[in-house]
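Everything on this sheet refers to the single structure shown next.
The values are calculated or read from the model by the stated rules, or taken from the named source; none is laboratory data. Just so you know, these numbers come straight off a predicted model, no measurement behind them. Positions of Cβ are generated from backbone atoms using ideal geometry, with glycine treated the same way; all protein chains shown enter the neighbour counts. To get the accessible areas, we keep the full protein, side chains included, count just its heavy atoms, and leave off ligands, DNA and RNA. Shrake-Rupley method; radii C 1.70, N 1.55, O 1.52, S 1.80 Å.
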Amino acid sequence: MFILMKNFYPKVFLLSFCLTYLTASAQTDNLSSIAKQDAHYSQYNLTTNKQWDSLFLSENPGITRKILPKSKSKSSCQLNKVVYGWNPYWSGTAYNNYQWNLLSHLCYFAYAINPATGNASTMHEWTTDPAIDSALANGVKVNLCVTLFGSHATFLENTTSRQTCISNLISLVQARGAQGVNIDFEAMPVAQSANFTSFMIALCTQMHAAIPGSEVSIALPAVDWSNVIDETSLLSYVDMFIVMGYDYYYSGSTTAGPSDPLYNFVTTYNYTVNKSINYYLNQGVSNSKLLLGLPYYGIDWATQDNSVPSATTSTGSSRFYNVVRNNTNGYYSNKQWNNTSFTPYFPYQNTGVWHQCWIDDAYSMGKRFDVVNQRGLKGIGIWALGYDDGYTDYWNKIKDKFSSCSVVNCTDTIYDMGGPSRNYYDNENYTYTIAPNGATNLSLTFSSFSVADDTLWLYNGNSTTSPLIGAYTSTNSPGTVTSTGNSLTLKFRSRASTNSTGWSATWHCSSDNTAPATAININGNWQTQNFTASFTDTDNSGGSGVNKKIYQVSDFNGTEWTANAQNGFFNDDFNSLNTSVWTVPASSGTWLVSGGNLVQKDTSANNSNIYASLNQNLSDCYLYHFNAKIENSVFGTSQRRFGFHFFS
């Protein structure tokens, strides 16, 4: 049915080689940003969201907490990827700005394990935090993050402590109406690999049995230097593997650089987001279980100069996205672009000392999202929710890349996994379809191409079952290829022992923006008996035809124009108020018809509405057309609200 409503008050739920291991060990020898931020905030004995807000605002002058307006158009966008966000206990009331329809999981940080017992040394406000209540009310899955940043042997070698922890987690998830847990054990020694695997298998087995449909995920280090994680043994138990794709350059790095280099930043340190993805896929983690965690923060270092790369001269400091975006201190105005890593940075001087702050903007974050689609991953992780509070830039990119409202531009450039300046990696194997919105055909022009003994296949359509355009190896560039339809599919596979500079290609598309010509043919004019009408639609652009055709039939019964609602039609010119069609609820104001218009006269009535039922059997395409006028001159009131509500 659909309802016309007035005065409706909605509730919204709605360098040099010697630095390599110093830089690369951010998640092994040195704790990651997650642990460091936890250590920073755990010194404060705060228990409420408002207290955390007060602390954050005092540490970041110029930042304010305010509720952002929610765009009504966003509510219709449905996620097609997992968007898994960690919600730290210090995020305060930032959850009021989370766009719940663009978030699939909220993971509360954290249950900190007491290694000696398995109990929680703290679980902060897990039982009371309103962010969890709000997530559950909005249909977002809630997980509890479980952390252990030291004393791994003490915990993992004690089977009693391990079981205590598992039993506690099951009870806590059940009591909160949550859906699972995320395990974040960092800087774990290789000697505990087997014990960790045993713990994870027991946890998964027991939680899945106790809570049907529950999920157990694991946070993976960006680089697993000692092969601590046995992915092969865990694959059939763990539901999601989330790569912590950040801290490749961390606060203690001796070179300033991107926390999450998409492509290789310096030749002597070849660890990147793309390499991490490729590593875990080759370890046996399936695309359908692998997520890429990305940072909503950057690092600001004092540096030797403004060159790139530049040596750091002190320990760096974390900068949340909203702090940089707000730019209260004026330091983050001169944005520069590093094309080798696909990351922006801000060089500036403060009292004569050079600084560099490396942090993603909306464009670079979108490019990381593109790689998630290109490699066919399950989705993304966010460290951390609330770090962008006050800005919707990242939310908009999630909508554009991972939802039913996704936008694929009519022109863009695609690279191999090494990007514009570096080689791709060994053992790559992926398929990706380019299908811009509204395209009628598509061309792809290669500006560079070198793949050694590896192979790139191109298909004329949206899958590898489409006609093969060609298979290209060595320096045999495809040049320019053009589709006959609206999509092209690329498949690339590299060998275990060779790689090369890869390719760069730009696509362009043609779009059908010309309206079709429609003709309706009827024998004669007025008809008093059953008759046939023919509809002709001609695609004037020479495209593939008209995708959807919608028509309306109404007839004059001698008194008024109506339509056959039983066949899915509806029409009312309001010659009169037909109460056999329209239902007026009690205490719903005064509805009347005046001059061919439906009028609500009583401005003192709240939530006044009128509704009608309508049978429709189409699966996905409906058209509603109506006119409405809202005014206050007639009845002398400022109450001017109007809504159209569709219920199915």
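From the backbone phi of the stretch 80-95, what are the Karplus-calculated ³J(HN,Hα) couplings (6.51 cos²θ - 1.76 cosθ + 1.60, θ = phi - 60°) in whole Hz, Gly and Pro given as x?
For the stretch 80-95, the Karplus curve yields 10, 9, 6, 10, 10, x, 6, 10, x, 4, 8, 6, x, 8, 4, 4 Hz.
Please work out how much accessible surface Ser167 shows to a 1.4 Å probe, ignoring ligands, DNA and RNA, in Å² rounded to 10.
Answer for Ser167: close to 50 Å² accessible.
Accessible area per residue of the stretch 439-572 at 1.4 Å probe, in Å²?
Each residue of the stretch 439-572 exposes 60 Å² on average to a 1.4 Å probe.
In what order, largest first, do Asp573, Asp412 sit by accessible area if the probe radius is 1.4 Å?
Order by accessible area, largest first: Asp573, Asp412.
Would you kindly find the accessible area of Arg422, with a 1.4 Å probe and non-protein molecules such as ligands, DNA and RNA excluded, rounding to the nearest 10 Å²?
The accessible area comes out at roughly 50 Å².
List, in the order given, every pair from Lys397/Lys491; Lys367/Lys397; Lys36/Lys335; Lys141/Lys378; Lys275/Lys378 whose Cα-Cα distance in the structure shown is over 21 Å.
Distance filter (> 21 Å) returns Lys397/Lys491; Lys36/Lys335.
Just how much of Arg65 is accessible, in Å², when a 1.4 Å probe is used and the result is rounded to the nearest 10?
Surface open to solvent at Arg65 totals about 60 Å².
Tell me which of Ala311, Ser288, Trp301 sits at the most positive position along the dipole axis of the stretch 287-388, charges placed on C-beta atoms (Lys, Arg +1; Asp, Glu -1).
So the residue we want is Ser288.
Considering Cα pairs under 8 angstrom that are at least six residues apart, work out the relative contact order of the stretch 284-440 and quote it in whole percent.
This gives 25 percent for the stretch 284-440.
Could you sort Glu631, Glu231, Glu125 by accessible area so the largest value comes first, with the probe set to 1.4 Å?
Output order, biggest surface exposure first: Glu631, Glu125, Glu231.
With a Cα-only, solvent-free Debye model of the chain, what are the log10 I(q)/I(0) values at q = 0.07, 0.11 Å⁻¹?
The calculated log intensity ratios at q = 0.07, 0.11 Å⁻¹ are -0.58, -1.17.
Given a 1.4 angstrom probe, what's the average accessible area per residue across the stretch 284-372, in square angstrom?
36
Work from the charge dipole of the chain (Cβ charges, +1 for Lys and Arg, -1 for Asp and Glu, about the Cα centre) and give the residue of Asn627, Ile183, Ser443 farthest towards its positive end.
Asn627
Which value, in Å², gives the accessible area per residue of the stretch 114-262 when a 1.4 Å probe is used on the protein heavy atoms?
32
Beyond 17 Å, what share of the Cα-Cα pairs of the stretch 323-460 remains, rounded to the nearest whole percent?
Of all Cα-Cα distances in the stretch 323-460, 70 percent exceed 17 Å.
Suppose accessible area is computed on protein heavy atoms with a 1.4 Å probe; arrange Lys629, Lys401, Lys66, Lys275 from highest to lowest.
Lys629, Lys66, Lys275, Lys401
Any chance you could list P(r) for the stretch 252-400, counting all Cα-Cα pairs in 5 angstrom bins from zero, rounded to whole %?
All Cα pairs considered, the percentages come to 2, 9, 19, 21, 20, 15, 9, 4, 1, 0, 0.
Per the helix-only calculation at 222 nm, which mean residue ellipticity applies to the chain, given -39500 (n - 2.57) for every DSSP H run of n ≥ 4 and division by its residues, nearest 500 deg cm²/dmol?
-5500 deg cm²/dmol
Pop out the carbon and sulfur fraction of the accessible area of the chain as a percent, whole number, probe 1.4 Å.
Solvent-exposed carbon and sulfur of the chain make up 48 percent of the total.
How big is the Rg/Rh ratio for the stretch 277-325, C-alpha atoms only, Rh by Kirkwood, two decimals?
Rounded to two decimals, Rg over Rh is 1.20.
Of all DSSP beta bridges located in the chain, what percent are antiparallel, nearest 5?
70
Could you size up the charge dipole of the chain around its Cα centre, putting +1 on the beta carbon of Lys and Arg and -1 on that of Asp and Glu, and report it in debye to the nearest 20?
So the magnitude is around 840 debye.
Restricting to Cα pairs below 8 Å that are 6+ residues apart, what does the relative contact order work out to for the stretch 402-530? Please round to a whole percent.
Relative CO of the stretch 402-530 lands at 36 percent.
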